[in-house]
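Student: First, the structure itself, so that you have it in front of you.
The values are calculated or read from the model by the stated rules, or taken from the named source; none is laboratory data. In this text, all values refer to a predicted model and were calculated from it rather than measured experimentally. All Cβ positions, glycine included, derive from the backbone under ideal geometry; neighbour counts span all protein chains shown.
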Amino acid sequence: MDIEFSPIRPLKDVRETNDFLRRIWARLRADLGLGFQYSPKLDSINQVQGIGFISLGKFSETLTENGIHEPISCSFQYKRRGIVDKLIFSIPTSWASCLNIDEIGDSIQSSLSKAAYDPPKNSRAKIRVFTPIGLDLPTVSGKTFDFTGGKGHGELAFDVTHYDEFDLEDQAANLAWSFCVLASAWTGNLFFLTREQDGIPEYREVLSLISDGDLNESVSKLACRSFSKLIDLLLYEAADINLVLKAGHLIQRSIFSASSSRDYLGDTANALIISALEVLSDKGDDPDTCKSCNQPKYKISQRVRDYAAEHMGADYWKKRFNGHYSDRSKFLHTGAIRHKRVYAGKSIPTVQLSAPERMAMPMGFSHDHVLANVTLLIFRKHVQAISPMDKKSA
């Protein structure tokens, strides 16, 4: 038996879809004891997004007593990618042996109908965030948040719109994690929701190189008004934040990779940081079309090069970033390692064509901290361009 339910009005985008789904899950948790076995599966041919399987606590005891363990499957149909057109719950026929399926269907349908009118709640969340070393974090605030700094940690307080306590916990954690991502990309420091110490043995050294040796100055960038505006945009769910957040994830992972092992993950860190610039440089413009084959011409390397030079203010950077982009492509597509000599104790000059100057250097040189430093600067300039407030702090 299938229960089908469509939104009262068509949903416009993924944000509205997620709000719709959160309302549904909260109402089903309250009325029927919803539980999830989350196993997404996409059927793009039939335009069906499988969500997984659900249990309903209200009926679980009866089903268990009768040896029935089949769950309800849950999916949605869509016409536009990621936007719910029709939500579908499929109740197993085996349930009919001990339960009235029609009554269960009516219960689900009733809850779905009520969910459309459930008003959102607003609560103040407080979540601690941490850095791997005990730097004194500043206390800062914006229109939507307060961050109380401490030594190696701080408390982030902000308002969260939610539909029940479970939803509150989920939304608060995800927004706080996005704060950590943006704070990492803004300062060059790593921020986490837990005390992360293992797996990042070279963090202090990498941070020192990226920040020109002044670790305290790096975290002081949190006090920049543009950073506060950035977090306000995040909590307002502004469209301008999407590319910045994607790039922030890549920058954070780049710093984490280099901090884990500059020797073995330096090239990976460089590739991630160039990918962040590729994301930031994407203005969504349609590419030029080739006159001979009528296919789009993609000049991503040129786009990244010009974007970096625009923010750095000199054509010198075009050549430099053209080389960086080329190094990334060679690493990803041909396996060309930037530096791969194991021993640094003796100088034995040998040729290595994949190295920047075509001469072999120790593996510890593979991470390009200058590239990381410049990318952090470009990231801050990009944010200030979409929200100009405090250009002196870049």
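Student: Of the conditions (1) in a loop (DSSP other than H, G, I, E, B); (2) without any contact (Cβ under 8 Å) to a residue 40 or more places away in the chain; (3) over 36 Å from the mean Cα position of the chain (by Cα), R80 satisfies every one except a single condition; which number is it?
Tutor: (3)
Student: F158: aromatic (F, W, Y) and either free of Cβ contacts under 8 Å to residues at least 40 places away in the same chain or under 30 Å from R23 (Cα atoms) (or both), yes or no? Can you show your working first?
Tutor: Values: aromatic (F, W, Y): yes; either free of Cβ contacts under 8 Å to residues at least 40 places away in the same chain or under 30 Å from R23 (Cα atoms) (or both): yes.
Answer is yes for this residue.
Student: Filter the range 328-353 down to residues that are under 27 Å from the mean Cα position of the chain (by Cα) and crowded, with 16+ Cβ neighbours inside 10 Å and give me whichever is modelled with the highest pLDDT.
Tutor: R328
Student: For the range 235-246, enumerate the residues that are more than 21 Å from S281 (Cβ to Cβ) and either touching a Leu at 6+ places or on another chain (Cβ under 9 Å) or hydroxyl-bearing (S, T, Y) (or both). Outline the logic, then answer.
Tutor: Step one: filter the range 235-246 for residues more than 21 Å from S281 (Cβ to Cβ), giving 235-237.
Result: L235, Y236.
Student: To continue, here is another question. Within the group L168, L112, L175, which residue is over 22 Å from R27 (Cα atoms) and surrounded by 15 or more Cβ atoms within 10 Å (Cβ to Cβ)? Steps first, please.
Tutor: On the way: L168 fails: over 22 Å from R27 (Cα atoms); L112 fails: over 22 Å from R27 (Cα atoms).
When all the criteria are applied, what remains is L175.
Student: Give the residues of the range 104-129 that are charged (D, E, K, R) and assigned to a helix (DSSP H, G or I), sorted by residue number. I'd like the intermediate steps shown before the answer.
Tutor: Of all residues in the range 104-129, those charged (D, E, K, R) come to 106, 114, 118, 121, 124, 126, 128.
D106, K114 - these are the residues of the range 104-129 that are charged (D, E, K, R) and assigned to a helix (DSSP H, G or I).
Student: Moving to a separate point now. Those residues that are β-branched (V, I, T) and surrounded by fewer than 14 Cβ atoms within 10 Å (Cβ to Cβ), I need them from the range 59-70; list them, please. If you could, list the steps in order and put the result at the bottom.
Tutor: Of the residues in the range 59-70, the ones β-branched (V, I, T) are 62, 64, 68.
The answer is T62, T64.
Student: Continuing with this model, one more query. Of (1) farther than 18 Å from S113 by Cα; (2) surrounded by fewer than 15 Cβ atoms within 10 Å (Cβ to Cβ), S73 satisfies all except one. Which?
Tutor: Status for S73: all satisfied but (2).
Student: Next up: In the list L190, L209, L245, which residue meets the criterion of being buried (at least 20 other Cβ atoms within 10 Å of the Cβ) and on the phi < 0 side of the Ramachandran plot? Even if it seems obvious, please write down each step before you answer.
Tutor: Details: L209 fails: buried (at least 20 other Cβ atoms within 10 Å of the Cβ); L245 fails: buried (at least 20 other Cβ atoms within 10 Å of the Cβ).
The conditions single out L190.
Student: Here's a check for you: in the range 7-58, which residue that is basic (K, R), free of Cβ contacts under 8 Å to residues at least 60 places away in the same chain and over 21 Å from I104 (Cα atoms) is surrounded by the most Cβ atoms within 10 Å (Cβ to Cβ)?
Tutor: Within the range 7-58, the first condition is being basic (K, R), and the residues that meet it are 9, 12, 15, 22-23, 27, 29, 41, 58.
Cutting the leftovers down to free of Cβ contacts under 8 Å to residues at least 60 places away in the same chain gives us 9, 41, 58.
Subsequent filtering for residues that are over 21 Å from I104 (Cα atoms) retains 9, 41.
On the way: R9: 8, K41: 10.
The residue in question is K41.
Student: Pick out the one residue from V370, V374 that is modelled with pLDDT of 90 or more and over 24 Å from the mean Cα position of the chain (by Cα).
Tutor: Values: V374 fails: over 24 Å from the mean Cα position of the chain (by Cα).
Residue meeting the stated conditions: V370.
Student: Counting only residues that are among the polar types (S, T, N, Q) and either on the phi > 0 side of the Ramachandran plot or touching an Asp or Glu at 6+ places or on another chain (Cβ under 6 Å) (or both), how many does the range 56-87 have? Walk me through how you get there before you give the answer.
Tutor: Residues of the range 56-87 that are among the polar types (S, T, N, Q), as a first pass: 60, 62, 64, 66, 73, 75, 77.
Now drop any that are not either on the phi > 0 side of the Ramachandran plot or touching an Asp or Glu at 6+ places or on another chain (Cβ under 6 Å) (or both), which leaves 77.
The qualifying residues number 1.
Student: Moving to a separate point now. When T148 is evaluated against the numbered criteria (1) surrounded by 13 or more Cβ atoms within 10 Å (Cβ to Cβ); (2) under 27 Å from E16 (Cβ atoms); (3) not hydrophobic (A, V, I, L, M, F, W, C), which criterion, by number, is the only one it fails?
Tutor: All conditions are met except number (2).
Student: Keeping to the range 54-74, report how many residues are of a type in the set (G, A, S) and part of a loop (DSSP other than H, G, I, E, B). Before you say what the answer is, go through the steps one by one.
Tutor: In the first step, residues of the range 54-74 are kept if they are of a type in the set (G, A, S); the result is 55, 57, 60, 67, 73.
Next, only the ones that are part of a loop (DSSP other than H, G, I, E, B) stay: 67.
Selection size over the range 54-74: 1.
Student: Among (1) over 26 Å from T17 (Cα atoms); (2) assigned by TED's automatic domain parsing to the domain that holds N242; (3) touching a helix residue (DSSP H, G or I) at 6+ places or on another chain (Cβ under 8 Å), where does I101 come up short?
Tutor: (2)
Student: Out of all the residues in the range 83-103, which are within 38 Å of the chain's Cα centre (by Cα) and either basic (K, R) or part of a helix (DSSP H, G or I) (or both)? It would help to see each step written out before you state the result.
Tutor: Step one: filter the range 83-103 for residues within 38 Å of the chain's Cα centre (by Cα), giving 83-92.
Scanning the range 83-103 gives a single hit, K86.
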